[in-house]
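Have a look at the structure below before the remarks.
The values are calculated or read from the model by the stated rules, or taken from the named source; none is laboratory data. Here the structure is a predicted model, which means the values were calculated and not measured. Neighbour counts are summed over all protein chains in view; Cβ atoms, including those assigned to glycine, are modelled from backbone coordinates with ideal geometry. Ligands, DNA and RNA are stripped out before the accessible areas are found, and what is left, the full protein with its side chains, is counted by its heavy atoms. Shrake-Rupley method; radii C 1.70, N 1.55, O 1.52, S 1.80 Å.
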Amino acid sequence: MVPTFPALTAFMPHRPPMLLLDALVAHDDTSVVVEKTFRADDIFVEDGCVSSFVVLELFAQAAAAHFGYAGLQRGGEFSSGALLGTRKIDLHVPTLAVGELLQVSAKQIFAMPPAAQYECQLVLASDPSRLLAEGSITVAMGPPPK
């Protein structure tokens, strides 16, 4: 049976138009998989495509989905958070296409609250062997917003 997850707004502080992700599709103690399809009216679409620099925000929101859903499972509210930085991001494509289903995976490799580090990858959902971007990010996990 494929697990179903609540809407991202149930455990993430992001709201449209800055909620870039569409859905949580997998979650465990140390990793998460989320999906995104850019549409023509999305905030970062220019001339029919999206700059691959947006990948950094996709990675950060994947991490937020990871610790946000974990908090929801523990019975708490969603956490606030912040992208602290990256050690390295490799963008293998200059742009992302409108209409393609993308999957972001983020694996927590280090956590010492309030900070955590994630290794992230962006692939085409239709061809997971097609790596579009990869890298590591460091995030801060804060208390629920007031």
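The residue that is nearest to the chain's Cα centre (by Cα), among those in segment 97-130 that are assigned to a loop (DSSP other than H, G, I, E, B) and within 24 Å of D47 (Cβ to Cβ), is A125. Residue under question is L8, and the condition is that it be buried (at least 16 other Cβ atoms within 10 Å of the Cβ), under 23 Å from L132 (Cα atoms), in contact (Cβ under 8 Å) with a residue 40 or more places away in the chain and aliphatic (A, V, I, L, M); does it hold? When the stated conditions are applied, L8 does not pass them. Taken over segment 85-96, residues that are part of a strand (DSSP E or B), within 23 Å of I43 (Cβ to Cβ) and open to solvent by 40 Å² or more (accessible area, probe 1.4 Å) amount to 4.
Quick check on G71: is it surrounded by 15 or more Cβ atoms within 10 Å (Cβ to Cβ) and part of a helix (DSSP H, G or I)? Considered against the rule, which asks whether it is surrounded by 15 or more Cβ atoms within 10 Å (Cβ to Cβ) and part of a helix (DSSP H, G or I), G71 comes out as yes. Just to be sure before I move on: is A40 aliphatic (A, V, I, L, M) and under 16 Å from the mean Cα position of the chain (by Cα) in the structure I sent? It is false that A40 is aliphatic (A, V, I, L, M) and under 16 Å from the mean Cα position of the chain (by Cα). Just one of (1) farther than 13 Å from A106 by Cβ; (2) under 10 Å from the mean Cα position of the chain (by Cα); (3) open to solvent by less than 40 Å² (accessible area, probe 1.4 Å) fails for D22. It is (3).
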